[in-house]
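> Before I ask anything, let me first share the structure, which is written out below as structure tokens.
The values are calculated or read from the model by the stated rules, or taken from the named source; none is laboratory data. Predicted model only: the values in this text are computed from it and were never measured. As a convention, Cβ positions derive from the backbone with ideal geometry for all residues, glycine included, and neighbour counts pool all protein chains shown.
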Amino acid sequence: MQQVATYEAVVAAIRKLNEDGQKITADNVLRITGGAKGTVLQHMRAYREQGAAPAAAANEIPPDFQGAVLRLIGQAQAEARQELGDQIIHAQTSETDALDTLVVAEARIEALATELAAAQAQADADRQAAKEAAAVALEKTLGLEKALEGLQVERRQLIEAVEAARIETAKSQFQVERADTAAQKAETELANLRSRFPAAEKAAAIAEQHARDLAEALAKSEARTQALEGQLDELRRTNSTLEKSLAVAEAQVEFLRVQQKNPELTDRNQAGGET
């Protein structure tokens, strides 16, 4: 904590400088008392306004010489009094102005120091928040990448299932075509055999039933194929959405990494926003 210069300490310092034969200035007093220069200047001005003058130590001089010196001094005083008075008034005015300016400057310095401390604290908080946001975004990105990998695996499996269903459908269609051909052939043979062998009607009925079974199997296979294709379309839409989300998350992570590497960008952006 900075030392505070009291009025008594300033007066004692002035007397000490006078006894030592040193020039009485604010800097010399400040070296003795410590504290703020503005406070020292205020106490010096108060001391001067009270009419206190440093007492000069009496010199041991012979009376005759003292009288001659005093006469010379009286003559010089009459000539210099006016000039010294003007100089003192000017110096007092200048010192008062300088003191007022210094007091204002010190107040401004304290205010700026407070603002700087607040800005530094805010910048530290923003950096910490940016680190936390980067960690969350990175974790979210890793989760999205993992989910995307799982969906891609499921997508490949569905594609394989659709391809397998298509193969089965093709096989079923081939079997239906064969059944249709067999049914047509059976109908032709049935027309020929009805007049000759009653048992042919039973064979024809079996062939027709077989054809119906194959047609039903084909319908089920086509329905399964359509369902799998619908699931594949939904998976493609989900995959597209996740890819977009992943791209956004990666952009956020990259932006936060740039901010971490260049924290002065955040400070300048905040300074620009405040302006």
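> Only one of Leu142, Leu102, Leu148, Leu138 is over 25 Å from the mean Cα position of the chain (by Cα) and closer than 26 Å to Arg257 by Cβ. Can you tell me which? If you could, list the steps in order and put the result at the bottom.
Values: Leu142 fails: over 25 Å from the mean Cα position of the chain (by Cα); Leu102 fails: closer than 26 Å to Arg257 by Cβ; Leu138 fails: over 25 Å from the mean Cα position of the chain (by Cα).
Residue meeting the stated conditions: Leu148.
> Pairs please, first residue from the range 211-234 and within 22 Å of Gln184 (Cβ to Cβ), second anywhere and charged (D, E, K, R), Cβ atoms under 7 Å, 6+ apart in sequence or on different chains.
As it stands, the answer is Ala211/Asp180, since those pairs meet every condition given.
One line per residue, one yes/no per condition, for (1) under 27 Å from Ile167 (Cα atoms); (2) modelled with pLDDT of 80 or more; (3) surrounded by 14 or more Cβ atoms within 10 Å (Cβ to Cβ):
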position	(1), (2), (3)
Arg194	no, no, no
Phe197	no, no, no
Ala205	no, yes, no
His210	yes, yes, yes
Glu216	yes, yes, no
Lys220	yes, yes, no
Ala223	yes, yes, no
Gln226	yes, yes, no
Gln231	yes, yes, yes
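> Any idea which residue in the range 140-169 is surrounded by the most Cβ atoms within 10 Å (Cβ to Cβ), counting only those that are closer than 22 Å to Thr241 by Cβ and among the charged types (D, E, K, R)?
Selected residue: Arg155.
> Against the definition (at pLDDT below 85, part of a helix (DSSP H, G or I) and over 25 Å from the mean Cα position of the chain (by Cα)), how does Ala170 come out, yes or no? Spell out the reasoning first.
Details: at pLDDT below 85: yes; part of a helix (DSSP H, G or I): yes; over 25 Å from the mean Cα position of the chain (by Cα): yes.
When the stated conditions are applied, Ala170 passes them.
> Let me confirm something: among Gln120, Gln128, Gln157, which residue is out of contact with any Asp or Glu (no Cβ under 6 Å at 6 or more places or on another chain), assigned to a helix (DSSP H, G or I) and closer than 26 Å to Ala251 by Cβ?
Gln128
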